[in-house]
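Undergrad: Here it is, the structure, as structure tokens.
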Amino acid sequence: MLALVGGGTWVLLISSLFDARSVAVAGTKELPADVVKAVAAVPLGTPMLRLDTTAIERRVAAVPRVANVQVRCSLDGTVRIELTERIPVAVVRRGNGVHLVDATGTDYATVPVEPPGLPELRSDRVGPRDAGTVAALTVLTGLPEWLRAQVRSIAANSPADVVLRLDSGRPGTGRLDIGRSGTSREVRWGGVEDSARKVAVLGPLLSQPGKIYDISSPALPTIA
């Protein structure tokens with residue numbers, strides 16, 4: 001028994017039979033796989049059971065574009081790094097460029113050209129710990145596609161004061177009509193509560209002429 005246990009331990013922890021021989025990366029879109037491998041710094045030649053997968057995950061998770069990551073080891077000697085990249089839902093314009101922000105409020109990348117179709121998030125304190133940022137993005141990501149497609153910018157001075165600015169468009173279609181007037185409409189959303197009811201109220205409301213649509217209290221909407 002001692003010989004079997006000792007032999008098994010030697011095979012798993014010392015021999016090269018179950019060493020890490022290669023690294024495979026899955027889930028990348030914008031990030032090059034070679035960059036992920038370099039950051040992961042997997043010590044090839046190390047027995048799988050001695051491999052610190054937690055440390056590898058921590059190194060890859062430190063890359064700003066990475067939302068989450070998991071490292072798995074296969075018996076064939078392959079270390080598999082499976083990650084999910086952050087998806088931009090809004091942009092923040094600053095002096096040094098256009099910043100991409102994901103649904104958590106994380107500012108994770110700066111790009112020279114603003115991606116089409118993303119609204120501007122207007123806030124001086126963008127971040128996942130800023131209550132205004134969280135409220136604005138909660139509202140934005142919860143909008144139906146026809147309405148979200150019309151959002152030009154979104155801001156929140158406080159969690160109870162979310163304001164959307166819409167392109168002039170055709171309500172309920174998602175098709176924009178910017179060229180006709182170039183104007184925009186302001187929607188005073190209020191807090192994140194009752195969002196489904198606010199959407200239901202706002203649809204018919206946008207068919208009426210106006211510049212400011214206040215649905216902060218969906219039971220008493222107003223147009224100005």
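Readers should treat all values here as calculations from the given coordinates under stated rules, not as data from a laboratory. Computed from a predicted model, the values in this text were never measured in an experiment. Cβ coordinates were reconstructed from backbone atoms using ideal geometry, including for glycine residues, and neighbour counts include every protein chain displayed.
Undergrad: For LEU166, LEU44, which order do you get if you count the other beta carbons within 10 Å of each Cβ and list the fewest first?
TA: On the way: LEU166 23, LEU44 13.
Fewest to most other Cβ atoms nearby, the residues stand as LEU44, LEU166.
Undergrad: Along Cα→Cβ, 7 Å out, is where each label goes; now give me the distance between the ones at THR110 and ARG80 in nm to one decimal.
TA: If labels sit at THR110 and ARG80, their model points lie 3.8 nm apart.
Undergrad: Based on the alpha-carbon gyration tensor of the stretch 18-85 and its eigenvalue square roots a ≥ b ≥ c, which shape applies: rounded if a/c is under 1.5, prolate if not and a/b is larger than b/c, or oblate?
TA: Because a/c hits 1.5 or more and a/b exceeds b/c, the stretch 18-85 counts as prolate.
Undergrad: Grab the other residues whose beta carbon is less than 14 angstrom from that of THR106, score K and R as +1, D and E as -1, and report the net.
TA: 0
Undergrad: Would you mind ranking ASP194, ASP52, ASP102 so that the residue whose beta carbon has the fewest other beta carbons within 10 Å leads the list? Don't skip to the end; give the middle numbers.
TA: On the way: ASP194 17, ASP52 12, ASP102 20.
The most exposed by this proxy come first: ASP52, ASP194, ASP102.
Undergrad: Expressed in nm to one decimal, what extension gain is obtained for the pair GLN208 and ALA224 from 0.36 nm per residue of sequence separation less their Cα-Cα distance?
TA: 4.7 nm
Undergrad: Rounded to the nearest Å, what's the spacing between the alpha carbon centres of the stretch 118-161 and the stretch 44-96? Just the number, please.
TA: Going from one Cα centre to the other spans 28 Å.
Undergrad: Taking 7 Å along the Cα-to-C-beta vector as the label spot, tell me the SER217-ALA196 distance in nanometres, rounded to one decimal.
TA: Using points 7 Å along Cα→Cβ, the separation is 2.3 nm.
Undergrad: Between ARG94 and ARG152, how high is the FRET efficiency from 1/(1 + (r/R0)^6) when r is the Cβ-Cβ distance and R₀ = 25 Å? Nearest 0.05.
TA: E(calc), rounded to 0.05, equals 0.90.
Undergrad: Using the beta-carbon distance between VAL35 and THR141 and R0 = 41 Å, what value does 1/(1 + (r/R0)^6) give for FRET efficiency, to the nearest 0.05?
TA: Details: r = 28 Å, r/R0 = 0.68.
In this case the efficiency is close to 0.90.
Undergrad: May I pose another question? Quick check for you: which residues of the stretch 68-89 have the amide N under 20 Å from the point 7 Å beyond the Cα of ALA26 toward its beta carbon?
TA: Output list for this probe position: 68-87.
Undergrad: Take LYS211, LYS198, LYS37 and order them by how many other Cβ atoms sit within 10 Å, fewest up front.
TA: LYS211, LYS37, LYS198
Undergrad: Please compute the length gained on full extension between ARG50 and ARG129, using 0.36 nm multiplied by the number of residues separating them and subtracting their Cα-Cα distance. Working shown, then result.
TA: On the way: separation 79, 0.36 × 79 = 28.44 nm, distance 3.67 nm.
Result: 24.8 nm gained on full extension.
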